[in-house]
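Structure first, commentary second.
The values are calculated or read from the model by the stated rules, or taken from the named source; none is laboratory data. Note that the structure is a prediction, hence the values are computed from the model and not measured. With ideal geometry, Cβ positions are generated from the backbone for all residues, glycine too; neighbour counts draw on all protein chains shown.
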Amino acid sequence: MPRQPRRRTPLRAVVTALVLGVVGLAPIASAPSAVAGRDHHPPAHPPSQGPVDLGPRTIVFDDSMPVAEIQAKADEIYAQQVDAEMSSERWALLFRPGTYGTDAEPLQIKVGYYTEVAGLGASPSDTVVNGKVEVYNRCLTDGPTTPYCVALNNFWRSLSNLTIQVNGAGQDGCRTTANFWATSQAASLRRVDIRGGDLSLMDYCTAGPQFASGGYLADSRAGTVINGSQQQWLTRNSEVGAWSNGVWNQVFAGTTGAPSEASFPTETYTTLDRTPLSREKPFLYVDQAGAWRVRVPDARTDSVGPDWTTGRAAGRDLPLSAFHVASPEQSAKEIAKALARGKNLLLTPGVYDVDRSLVIRRSDTVVLGLGHATLTATRGATPVVVDSHARGVVVAGVTIDAGTGLSRNLMRIEGGRGHGHGHWRKGRTTTPSTTLNDVYFRVGGPHVGKVDTALVVDADDVLIDHIWVWRADHGVEGFTAGVAGDTDRWNTNTGRVGVVVDGDRVRATGLFVEHFQQDNTVWNGEDGHVVLYQNELPYDPPSQADWTQPDGTLGWPGYRVTDRVTRHQLFGGGVYVFNRNDPSITTENGFEVPERDGVRLHHVMTVNLDAGSIEHVVNGVGDRVDSTRSGTPSFVVDYPAVG
C-alpha cells in the first residue's frame with residue numbers, strides 16, 4: 001500500500017505524488033420518527049417510558065428489526081450523504097443494545113457526510129454490529145485524474161460506543177478482513193471495539209492515490225491498525241495490538257501497544273506513556289429499564305487505556321428530563337431561555353440559525369449535539385459563550401459555522417486569569433473548567449463566512465479534546481474556480497485568527513487549525529500543554545504583500561507562543577504550506593516561540609504541498625521546504641535541542 005503526502009482536489013490542494021514505500025440526490029422519503037421500526041417490531045422488553053422525540057433525522061434501531069430493513073435505511077441515507085459535503089442534512093443512526101447482523105447476513109453500513117453512528121448501551125459491548133461500519137475514498141470528478149478517489153475531504157462523520165465484529169461476507173476480497181475508516185478532519189472514532197479483523201484508516205482497495213488526512217481515535221480497542229497514508233493522527237487512551245505505518249505526525253497518548261518513538265523521524269511516532277488530563281465525551285444511552293440518559297464521564301489524570309474495559313468508569317448520569325431537547329425550528333431566543341432556566345441542552349440533528357449568543361451560566365451544564373448538529377451565526381452573533389462563573393461545563397458534538405455577517409467570535413470561553421478552577425495536580429482527578437469534545441468551527445464552505453477570531457479561550461483550566469477550526473479552502477460560496485476565485489475568497493470569506501488561548505493551564509489533545517489569514521493559533525497563557533497540533537497555512541493569499549506582517553516578517557507562523565509565556569509544551573506538530581495563488585510566497589517560520597527553557601516543542605515539522613515555501617521549522621531552526629522537495633518534511637526533534 002503506497003504512503004503518499006497530502007493531496008487534495010484542485011479546490012483543496014494538488015501536490016506531487018510521492019511513494020514512500022509502505023503498504024444532487026433526491027430527498028429521502030419521509031423520515032421515520034426517533035423510534036423508527038418499533039411500531040412494527042416491538043422490542044422484547046419495551047421501554048418504561050414513552051417514545052422519545054429526537055427529531056426526524058434521528059433514526060433509532062432495535063435488534064428485532066430485520067437486517068435487510070436496517071441495511072436498506074442505512075444505504076438510503078448514505079446514498080444521499082456520500083457527496084453531500086456542503087449540504088444542510090444531518091443524521092444520527094442510533095442502535096439500541098443488542099446484536100445486529102449475522103454471520104450469513106452481516107450488517108455493512110457506509111457512513112457519509114454529517115452522519116453519526118452510535119450505540120445506545122452503557123458500554124460498547126452492549127451493542128454489537130456483526131459486519132462493518134465504514135468510510136471509503138470519495139471519487140471526485142474535478143481531480144487531476146478521472147475519477148480521482150481520495151479520503152482528503154471525508155469530513156464531518158463519527159462512530160462511537162459499539163463493538164464491530166468484522167464480517168466482510170459478500171464484499172470483494174480486498175475488503176474482507178478490515179473495517180475501513182478512510183477519513184480526514186472532524187471524523188472521530190470513540191468508544192469502539194474492533195474484533196475479528198483489522199481497522200484500516202485508509203482505503204487501499206479503491207483505485208486512486210489513497211491519500212487521507214485525519215484524524216482521531218480515543219477510548220477504543222482494536223487489534224492491528226493500518227495507518228497507511230494518514231498524514232497526521234492522534235490515538236488517545238486506547239489499546240492496539242499492532243500499528244502499521246505513519247506519514248508525518250502520528251501521536252499516541254496513554255495507549256497500550258503504541259509504537260516507540262525512539263527512531264523518530266525515521267518512523268514518525270510520538271508517544272506519551274500517559275495522558276496527563278482527559279475527559280471522555282458524554283454519550284446518550286438507554287438503561288436496562290428503558291430510560292434514556294446521558295452519561296457524563298469524569299476527568300482522569302495520568303491515565304492509560306480506555307475507561308470501559310475494566311468496569312464502568314466514574315461519572316454521572318443525567319435523565320433526559322434534565323435536557324432541553326432542541327430542534328432546528330426553534331429560535332435562538334427559545335434555546336437561550338432553556339439554558340437560563342438551568343436546563344442542559346441536547347441538539348437534535350440539523351442546522352440552527354443563531355442570532356444571539358447561547359450563554360452558559362450554570363456550572364456543570366452539558367451541551368451535546370447529535371448528528372453533527374450545526375449552529376450558524378446570523379446577524380454577526382457569537383453563537384456560544386461560556387460565562388466566567390460557570391464551572392465543569394462540557395460542550396460536545398457541535399459544529400459552529402460563521403455567517404455572512406462579521407462575528408467577533410464563534411465561541412468564547414470567558415474567565416481570564418485566576419477565574420478557572422480544577423487546577424490540575426499530578427495524581428489528582430479534577431474537573432476542567434470547560435471541556436470541548438469534537439467541537440468543530442467552520443468559516444465558509446456552504447456559504448460565505450466572516451469572523452475575526454473563531455475561538456477565544458480566556459478561562460483557566462480548559463480542556464480541548466479534538467477540535468477542528470477551519471477557514472474553508474473550498475466550498476460553494478459562488479466564487480469562480482481558479483486563481484480569481486481564490487482571490488475573491490481571500491477578500492470575502494474572511495477569518496483573521498483561528499484560536500487565541502489567554503487562560504493558564506489549558507490543555508489540548510487533538511488541535512487542528514487551518515487556513516486563517518493571519519495567526520492560526522496564538523497562545524498567551526502559561527502552562528499550555530498540546531498533544532498533536534496540525535495546521536495548513538492559507539492557500540489563497542493573493543500576493544506576498546498580503547502575507548507579510550506589519551513589522552516586515554514574511555508571513556505568519558502556523559503556531560505562535562507569545563513572548564510573555566515562560567512555560568509551554570507541544571508534542572507532535574505540523575505546519576503545511578500550499579500557496580496556490582502565488583507560489584513565490586514564503587513564510588519565515590512554521591512555529592514561533594519564546595527562547596526559554598520552559599517552552600519546549602517535541603517532534604515538530606513543516607512540509608511543502610507543491611506551492612510556496614517555509615524557510616524554517618521554528619525560530620530559524622530547520623531546513624527550508626519548497627516545491628523542490630514537495631511532500632518531504634523538515635523535522636526538528638526537540639526545540640530547544642536536548643543535550
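Scanning the range 88-105 for residues that are touching a helix residue (DSSP H, G or I) at 6+ places or on another chain (Cβ under 8 Å) and either of a type in the set (Ser, Thr, Tyr) or not in a strand (DSSP E or B) (or both) returns 89, 97, 100, 101, 102, 105.
For the condition under 26 Å from the mean Cα position of the chain (by Cα), modelled with pLDDT under 90 and either assigned by TED's automatic domain parsing to the domain that holds residue 448 or among the β-branched types (Val, Ile, Thr) (or both), residue 35 does not qualify.
Annotation: residue 237 fulfils all but one of (1) at negative phi; (2) surrounded by 24 or more Cβ atoms within 10 Å (Cβ to Cβ); the unmet one is (1).
Listed by position, the strands (runs of 3 or more DSSP E) contained in the range 160-234 that have at least 1 residues being under 24 Å from residue 369 (Cβ atoms) and not assigned by TED's automatic domain parsing to the domain that holds residue 470 are 187-195, 216-218. A Cβ distance below 6 Å, combined with a sequence gap of six or more or placement on separate chains, defines the contacts here; from the range 515-539, residues that are on the phi > 0 side of the Ramachandran plot reach residues that are assigned to a loop (DSSP other than H, G, I, E, B) in the pairs 515/473; 515/538; 527/504; 527/505; 527/567.
If only one of 536, 526, 514 is touching a Ser or Thr at 6+ places or on another chain (Cβ under 7 Å) and at pLDDT 95 or above, which one is it? Being touching a Ser or Thr at 6+ places or on another chain (Cβ under 7 Å) and at pLDDT 95 or above holds for just one of 536, 526, 514, which is 526. Of the residues making up the range 188-197, at least one is more than 18 Å from the chain's Cα centre (by Cα) and buried (at least 24 other Cβ atoms within 10 Å of the Cβ).
Counted as qualifying within the range 339-391 are the strands (runs of 3 or more DSSP E) with 2 or more residues that are over 28 Å from residue 111 (Cα atoms), namely 358-360, 384-386. Restricting attention to the range 218-239, the residues that are among the hydrophobic types (A, V, I, L, M, F, W, C) and touching a Pro at 6+ places or on another chain (Cβ under 9 Å) add up to 1.
Count of the range 563-579 residues, restricted to those that are over 30 Å from residue 235 (Cβ atoms) and surrounded by fewer than 24 Cβ atoms within 10 Å (Cβ to Cβ), is 3.
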